[in-house]
Amino acid sequence: MKQVIFAAFLAFLFGSQAYAYSNDTGYYDGLEFVAETAIPDGPSNSMSLCYATRDFKILGLTMVSDVQGYVLSGDGCNTIARGFTEEQMITAQSLELVPADLPARARNSLERNVRNYGLWVAIGLSLIAVIIRRIKSLLGYDLRAPLRSKASSRILMAMCHAGSASGVMASGELAVVNNAARRLTRRNYQTSDVVRVADHLDPNLLPEDYIDLGKGLRDREKDTMMQGVLYVAMASGRMQNGQYHFATNLAHGLGMPAEDFRRVLSTAMDDLEKYPATL
């Protein structure tokens with residue numbers, strides 16, 4: 001939808017002619033007025049010089065209009081009277097029947113080319129930008145986009161484990177988990193979501209359970225999970241034994257090297273300074 005709006009704006013910006021929407025889609029022959037001439041059309045009328053165009057339309061909106069040549073019309077470029085070659089144009093200009101400042105050969109002007117093809121270039125660039133952003137999101141590189149649903153759910157579950165590792169989660173801990181989960185996953189979690197996950201936790205985790213928490217996650221998602229767990233565990237200012245064991249077992253289950261663990265720990269400590277938790 002954004003690309004269509006952008007294309008319509010460009011068409012307006014470059015001064016394209018306004019068209020009413022219809023069912024016309026495809027290529028059509030058209031006429032475009034250029035100038036009045038002194039070439040007679042009967043005893044009292046003169047002929048109009050027109051561009052013969054080949055137009056591509058979508059729902060009646062002209063997307064591309066290419067000049068094919070000159071023609072003469074007796075009714076203001078509503079119908080074609082006869083063709084008008086380059087040689088005839090030169091002769092007519094020499095006889096001062098046609099304005100001399102017009103090019104002898106009819107062709108697209110720079111403005112018309114920009115209007116024709118700049119529009120498609122803009123649409124193409126917009127599509128490429130959307131595709132690149134989508135690919136970055138799928139690969140986990142788009143830092144502005146919400147994390148994948150699967151990753152977000154696992155991260156919330158791990159943070160609930162960290163919050164309940166030292167006992168039953170109080171209202172303050174629920175709020176800390178909720179706020180941190182919303183910030184880290186960029187998803188609109190509610191306290192009720194945290195309560196629902198916390199109520200269904202299995203406190204007796206096996207080594208394979210820690211592995212399952214990280215199964216199928218990308219490296220950045222695993223880092224975010226550990227960052228959230230450490231943030232929750234250190235929110236009170238002191239990590240409890242149960243929280244320490246959960247964090248270290250999770251690091252092993254995720255296959256996180258010691259240097260990565262220290263890096264994520266430093267990030268979590270920075271988060272506590274930026275976003276202090278209130279328990």
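The values are calculated or read from the model by the stated rules, or taken from the named source; none is laboratory data. Remember, it's a predicted structure, so these values are computed and weren't measured experimentally. Cβ atoms come from the backbone with ideal geometry, glycine included; neighbour counts cover every protein chain shown. With ligands, DNA and RNA removed, areas are computed over all heavy atoms of the protein, side chains included. Shrake-Rupley method; radii C 1.70, N 1.55, O 1.52, S 1.80 Å.
Among all residues of segment 222-238, there is at least one that is open to solvent by 50 Å² or more (accessible area, probe 1.4 Å) and among the polar types (S, T, N, Q).
Of the strands (runs of 3 or more DSSP E) lying entirely inside segment 29-107, those carrying at least 2 residues that are among the charged types (D, E, K, R) and under 22 Å from Trp120 (Cβ atoms) are 45-58. Restricting the first member to segment 10-39 and to residues that are within 30 Å of Ala100 (Cα to Cα), and the second to residues that are modelled with pLDDT under 50 and open to solvent by less than 60 Å² (accessible area, probe 1.4 Å), the beta-carbon pairs closer than 9 Å and six or more apart or on different chains are Ser16/Leu10. Residue check: is Arg154 open to solvent by 20 Å² or more (accessible area, probe 1.4 Å), in contact (Cβ under 8 Å) with a residue 60 or more places away in the chain, within 22 Å of His245 (Cα to Cα) and assigned to a helix (DSSP H, G or I)? Yes, satisfied. Within segment 268-279, residues that are over 17 Å from Met225 (Cβ atoms) sit with their Cβ atoms under 8 Å from residues that are modelled with pLDDT under 90 and in a helix (DSSP H, G or I), at 6+ positions apart or across chains, in these pairs: Thr278/Gly172; Leu279/Gly172; Leu279/Glu173.
Pairs are defined by a Cβ separation below 8 Å, a sequence spacing of at least 6 or placement on different chains, a first member in segment 243-265 that is touching a residue at least 24 places away in the same chain (Cβ under 8 Å) and within 12 Å of Thr224 (Cα to Cα), and a second member that is open to solvent by less than 50 Å² (accessible area, probe 1.4 Å) and hydroxyl-bearing (Ser, Thr, Tyr); the pairs so defined are Leu254/Tyr210. Only residues that are surrounded by 20 or more Cβ atoms within 10 Å (Cβ to Cβ), modelled with pLDDT of 85 or more and not aromatic (Phe, Trp, Tyr) were counted in segment 58-72, giving 3. Among residues of segment 75-101 being crowded, with 16+ Cβ neighbours inside 10 Å and touching a residue at least 60 places away in the same chain (Cβ under 8 Å), the one that is nearest to Tyr51 (Cα to Cα) is Val98. Going by the conditions given, is Ala92 small (Gly, Ala, Ser) and within 26 Å of Tyr27 (Cα to Cα)? Considered against the rule, which asks whether it is small (Gly, Ala, Ser) and within 26 Å of Tyr27 (Cα to Cα), Ala92 comes out as no.
Quick one: how many residues across segment 202-226 are closer than 18 Å to Asp260 by Cβ, of a type outside the set (Gly, Ala, Ser) and more than 29 Å from the chain's Cα centre (by Cα)? Break it down into steps so the answer makes sense when it comes.
So the first thing to find is which residues in segment 202-226 are closer than 18 Å to Asp260 by Cβ, and the list is 210-211, 213-215, 217-226.
Now drop any that are not of a type outside the set (Gly, Ala, Ser), which leaves 210-211, 213, 215, 217-226.
Pick out the ones that are also more than 29 Å from the chain's Cα centre (by Cα) and you get 210-211, 213, 215, 226.
Within segment 202-226, residues that are closer than 18 Å to Asp260 by Cβ, of a type outside the set (Gly, Ala, Ser) and more than 29 Å from the chain's Cα centre (by Cα) number 5.
This table checks each residue for (1) within 18 Å of Thr267 (Cα to Cα); (2) out of contact with any helix residue (DSSP H, G or I) (no Cβ under 6 Å at 6 or more places or on another chain).
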position	(1), (2)
Pro146	no, yes
Ser153	no, yes
Arg183	yes, yes
Arg187	no, no
Asp193	no, yes
Ile211	no, no
Met226	yes, no
Gln240	no, yes
